[in-house]
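*Asks:* Take a look at this one; I'll ask things after.
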Amino acid sequence: MVKKAIFPVGGLGTRFLPATKALPKEMLPVVDKPLIQYAVEEAIHAGIEEFIFVTGRNKTAIEDHFDHSFELESVLFEKGKDDALQLVKDMMRVPGSVAYVRQQEPAGLGHAVWCARHLIGDEPVAVLLADDLVLGAPAIKEMVDAYQGGNMVAVMEVPEQETSAYGIVTPGADNGHEVTINGLVEKPKAGTAPSNLAVIGRYIIEPAVFETLGKQKAGVGGEVQLTDALAAQIGTSPFTGLRFTGKRFDCGSKIGFQKANIAFSLERDDMADELRHWLKTHL
Ligand code: G1P
């Protein structure tokens with residue numbers, strides 16, 4: 001039912017300067033794979049067939065990553081490096097299933113999503129933020145499997161003192177897996193959060209959200225917030241939070257990014273033993 005996904009990748013990545021001066025932050029690798037590829041693979045697992053990237057200036061490396069690299073492919077082919085060749089080709093999608101639209105200015109997540117409106121029909125669409133990296137079960141697949149209409153977000157409990165960094169939910173009926181969302185506020189000031197249940201960067205949004213985004217004024221940080229558009233929908237359509245089972249890493253922060261690199265490395269047969277040994281001797 002959910003066949004399209006939007007990947008907002010227009011952000012400047014200022015928290016990772018100087019690394020992100022010329023390199024899109026979504027191309028930063030965890031172990032050996034760029035963040036954006038993890039997000040796209042998660043979407044593929046969920047049955048997504050069309051991939052819409054909302055990009056900006058200096059983001060062409062992302063387009064190149066999902067295209068042929070003829071020189072590299074021919075060299076790998078000639079040298080018989082089949083495994084490497086497969087890795088390079090793995091990311092090729094069906095021709096015409098990947099679209100790029102430019103955001104032109106970093107005016108917020110809501111604005112980025114709205115920029116994709118002409119590529120979305122009368123259908124629900126997934127939104128994935130590559131900064132939020134999930135280890136284990138693909139969160140967006142769990143959401144697509146559970147989705148029964150309306151809007152849906154991935155949620156998890158965060159420490160009280162971190163609520164001001166997230167969209168925070170006012171929870172209603174809660175069966176431990178799905179939570180009815182009665183309210184949503186973007187980055188509440190310290191001490192004002194309605195709960196510590198935070199939205200993580202996985203969404204399924206219905207077409208009405210685009211209309212709301214089109215009318216929307218700037219919210220927190222002077223930016224058009226997806227959170228505000230979703231909150232405006234409450235009362236007119238169902239709004240559900242799904243507690244996903246994977247482990248989420250905040251790769252928008254340096255510490256989260258380092259934790260992700262360690263956690264993902266410890267999952268790898270070719271690295272786990274040596275890394276575990278090294279960590280034990282150094283801690
Ligand atoms: C965005 C959303 C926020 C959400 C967060 C999850 O914020 O605006 O509601 O909780 O992603 O990572 P950002 O981290 O881009 O500031």
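The values are calculated or read from the model by the stated rules, or taken from the named source; none is laboratory data. Everything numeric here is computed off the predicted structure, so don't read it as measured data. Here the Cβ positions follow ideal geometry from the backbone for every residue, glycine too, while neighbour counts run over all protein chains shown. Keep in mind that these areas ignore ligands, DNA and RNA; they rest on the heavy atoms of the full protein, side chains included. Shrake-Rupley method; radii C 1.70, N 1.55, O 1.52, S 1.80 Å.
*Asks:* Would you please give the residues with an amide H less than 5 Å from that of Val30, counting only those at least 5 places away or on a separate chain, with H modeled from the backbone geometry?
*Replies:* Leu35
*Asks:* Residue by residue through segment 270-283, which ³J(HN,Hα) values in whole Hz follow from phi under the Karplus form 6.51 cos²θ - 1.76 cosθ + 1.60 (θ = phi - 60°), with glycine and proline marked x?
*Replies:* 7, 10, 4, 4, 5, 5, 4, 4, 4, 4, 4, 6, 9, 9
*Asks:* Something else about it: Could you work out the equivalent-ellipsoid semi-axes for the chain, taking the square root of 5 times each eigenvalue of the Cα gyration tensor, largest first, in whole Å?
*Replies:* 31, 23, 18
*Asks:* Sticking with this one: Working out 0.36 nm times the residue gap between Glu41 and Ala146, then minus their Cα-Cα distance, what length gain in nm do you get to one decimal?
*Replies:* Length gained between Glu41 and Ala146: 35.9 nm.
*Asks:* Now for a separate question. Tell me, what ³J(HN,Hα) does each residue in segment 254-261 have, in order and in whole Hz, if you take phi through Karplus 6.51 cos²θ - 1.76 cosθ + 1.60 with θ = phi - 60° and put x for Gly and Pro?
*Replies:* Once θ is set to phi - 60°, the couplings for segment 254-261 become 5, 5, x, 5, 5, 4, 4, 4 Hz.
*Asks:* Using a 1.4 Å probe and ignoring any ligands, DNA or RNA, find the accessible area of Arg268 and quote it in Å² to the nearest 10.
*Replies:* 70
*Asks:* Then there's this: More than 24 angstrom separation, counting every C-alpha pair in segment 36-140; what % is that?
*Replies:* Counting every Cα pair in segment 36-140, those more than 24 Å apart make up 32 percent.
*Asks:* Then there is this: Given the Cα-Cα distance of Ile262 and Trp278 and 0.36 nm per residue of separation, how much length would full extension add, in nm?
*Replies:* Going from the current span to full extension adds 4.6 nm.
*Asks:* Turning to a different aspect of this structure: Using amide H atoms built in the peptide plane, which far-off residues or other-chain residues are under 5 Å from Gln103 H to H?
*Replies:* Thr55, Gly56
*Asks:* I need the P(r) histogram for segment 113-204: all alpha carbon pairs, bin width 5 Å from 0 out to the longest distance, whole percents.
*Replies:* It works out to 3, 12, 22, 23, 21, 13, 6, 1, 0, in whole percents.
*Asks:* Assuming R0 = 51 Å, what is the FRET efficiency of Glu78 and Ala107, from their Cβ-Cβ distance, to the nearest 0.05?
*Replies:* It comes out at approximately 0.65.
*Asks:* If ligands, DNA and RNA are left out, what is the accessible area of Thr236 with a 1.4 Å probe, given in Å² to the nearest 10?
*Replies:* 110
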